[in-house]
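Below you'll find the structure, written out as structure tokens, and then a few comments.
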Amino acid sequence: MNTVLEINDLKKSLEETSVLKSIDLDVRLGEVMGLLGPSGSGKSTLLRCLNRIIEMDSGAIFYKGKDLKKYPPSELRKEVVLVPQESVMFSGSVFDNVAYGPSIDGDVDREHILNCIRDAGLSTDFEERQAEKLSGGEKRRVALARALALEPEVLLLDEPTSGVDPKKEEEVERSILNFSDKRDLTVIWVTHDLDQAKRVSTRIANLRDGRIRGIYGCDDFDGGEAF
Amino acid sequence: MNGIPYGIYEGFLILLSVLSLLVLVVILTAIKKLGISKEMIVAIAKGGAQLFIIAAILNLLFVYPAWYIPIWAFLGMMVIIGGYTSAKRATEMPDAFKITTPSILTGGALVLTVLAVTRAMPLHPQFIIPLAGMTFGNSMRICSICMERLISEVKQNKAEIETALSLGADSKKAVKNHADTSIRASLIPTLDNLKTLGIIFIPGAMSGLLMGGTTPILAAQYQIIVYLMIVGGGTISTLMATQLAKRKIFNDKEQLREWVYS
């Protein structure tokens, strides 16, 4: 199976604390890789290194076989898109927010934006609503739609259901799995919830103390070593 | 009447008499236990001494035939002190001096060039020194507000800036709203002053010209020129400062620099 992302011996320290001690991981084309680990294990830091919003200290990451550092950062971030845990909305409507990425290149297709809003599980009635006034769960969906609008190859989801009403958690999960399947997306899904990891992942990488402790098929992982 | 109607020596005597006002306010602040009496005396003594020193130097410069040589040292000193003072408002940003100094220089120099070319500023030290002081001083003040606001905007909104970057925006687009907000905020006090010109107060230049015997219409014309100069110099300085600051906010990989997270 084709490898989209290959991570070799990645190390990263934040404020002199070694957060990622040595990460080795291959992510395959079209899979949903669950990245499971307790708080502070370095999950978010790893996603931020993959999107190059922060720089790794050492090691190497290859995206589609090419060193990540050889991609212009702005171009890379349109293909390997990060949806951070905090869904920050830009001032303006939901439509403006979702169209943010395409508008950078002046390429806003209204139908495409509305499709992304629908795929993220929102009604298109939302398009004119002020994004900053939405509920936490609605903001999560707008953030997902905003990432989709870029037509990414890889989606980096940092706890995508955090802040979502527990009753609607599985609905959000289904939306994500549906649009990933529809668009052949490769997804890295960060979670600290073992059940969620099992529900959504093709494979699960167990990250603990800054290292990948094992990679499992979701049926053969009992989570015993996860926390 | 033409100018102040007494000479230097009489002026010193009058100044000493007016200093009784200082004695009065020092006594008042001491009675009220405001704790600023000492600071007030030191500030007035320091400010007064500085003014006399500069007045003595200007006295020499105004009669020195080759004034156009030392005047550059004067102007250079204004820019460097302005850049240094403004940078002190932006200590969190590394090397802020390298942003504020060229910004104040550019804003001020462009404005002074326009004033010289249009003959609004006769090329004589009596005009160049005060006008340059006002231009560089106000550019410094506006630049300080802008830098202070920009730093606070970037630190408070780093999550939004990162979100923009992570969606493929370059640093220019990611920080644009915050840079614009900083520029607007820095110009608001000057614009408010402009709107109330002549209603709430008669500004410094016009007051000085009126006291010096200039007709009110001519004094008003000159005051408007001074305000155009302040707004023009300030705007150019802030535009340049926000532009240069981007390199200190982001690295060449379009990532926020570490100081933003501290």
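Within the stretch A:89-99, count every residue that is touching a Phe, Trp or Tyr at 6+ places or on another chain (Cβ under 8 Å) and either of a type in the set (Val, Ile, Thr) or surrounded by 21 or more Cβ atoms within 10 Å (Cβ to Cβ) (or both). Looking only at that region, the number is 2. Could you tell me whether the stretch B:155-171 includes any residue that is more than 14 Å from every other protein chain (Cβ to nearest Cβ), closer than 30 Å to A:Leu150 by Cα and either out of contact with any Leu (no Cβ under 9 Å at 6 or more places or on another chain) or in contact (Cβ under 8 Å) with a residue 24 or more places away in the chain (or both)? The answer is yes, given that some residue of the stretch B:155-171 is more than 14 Å from every other protein chain (Cβ to nearest Cβ), closer than 30 Å to A:Leu150 by Cα and either out of contact with any Leu (no Cβ under 9 Å at 6 or more places or on another chain) or in contact (Cβ under 8 Å) with a residue 24 or more places away in the chain (or both). Identification of helices (runs of 4 or more DSSP H) wholly contained in the stretch A:89-131 with 2 or more residues that are under 19 Å from the mean Cα position of the chain (by Cα) and more than 13 Å from chain B (Cβ to nearest Cβ) yields A:110-119.
When the stretch A:152-167 is filtered for residues that are surrounded by fewer than 20 Cβ atoms within 10 Å (Cβ to Cβ) and free of Cβ contacts under 8 Å to residues at least 60 places away in the same chain, the ones remaining, listed by number, are A:Asp165, A:Pro166, A:Lys167.
Conditions (1) within 30 Å of A:Leu155 (Cβ to Cβ); (2) modelled with pLDDT of 95 or more, marked per residue:
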site: B:Lys88; (1), (2): no, no
site: B:Lys98; (1), (2): no, yes
site: B:Thr101; (1), (2): no, yes
site: B:Gln126; (1), (2): no, no
site: B:Ser139; (1), (2): no, yes
site: B:Ile142; (1), (2): no, yes
site: B:Leu165; (1), (2): yes, yes
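None of A:Gly30, A:Gly37 is buried (at least 18 other Cβ atoms within 10 Å of the Cβ) and among the small types (Gly, Ala, Ser) except A:Gly37.
Only a single criterion out of (1) within 17 Å of the chain's Cα centre (by Cα); (2) of a type outside the set (Asp, Glu); (3) modelled with pLDDT under 95 is not satisfied by B:Leu105, namely (3). Condition check for A:Pro72 on (1) under 15 Å from the mean Cα position of the chain (by Cα); (2) within 13 Å of chain B (Cβ to nearest Cβ); (3) not aromatic (Phe, Trp, Tyr): one failure, at (1).
The values are calculated or read from the model by the stated rules, or taken from the named source; none is laboratory data. Since the structure is predicted, the reported quantities are computational estimates derived from the model, not experimental observations. Positions of Cβ are backbone-derived with ideal geometry, glycine not excepted, and every protein chain shown enters the neighbour counts.
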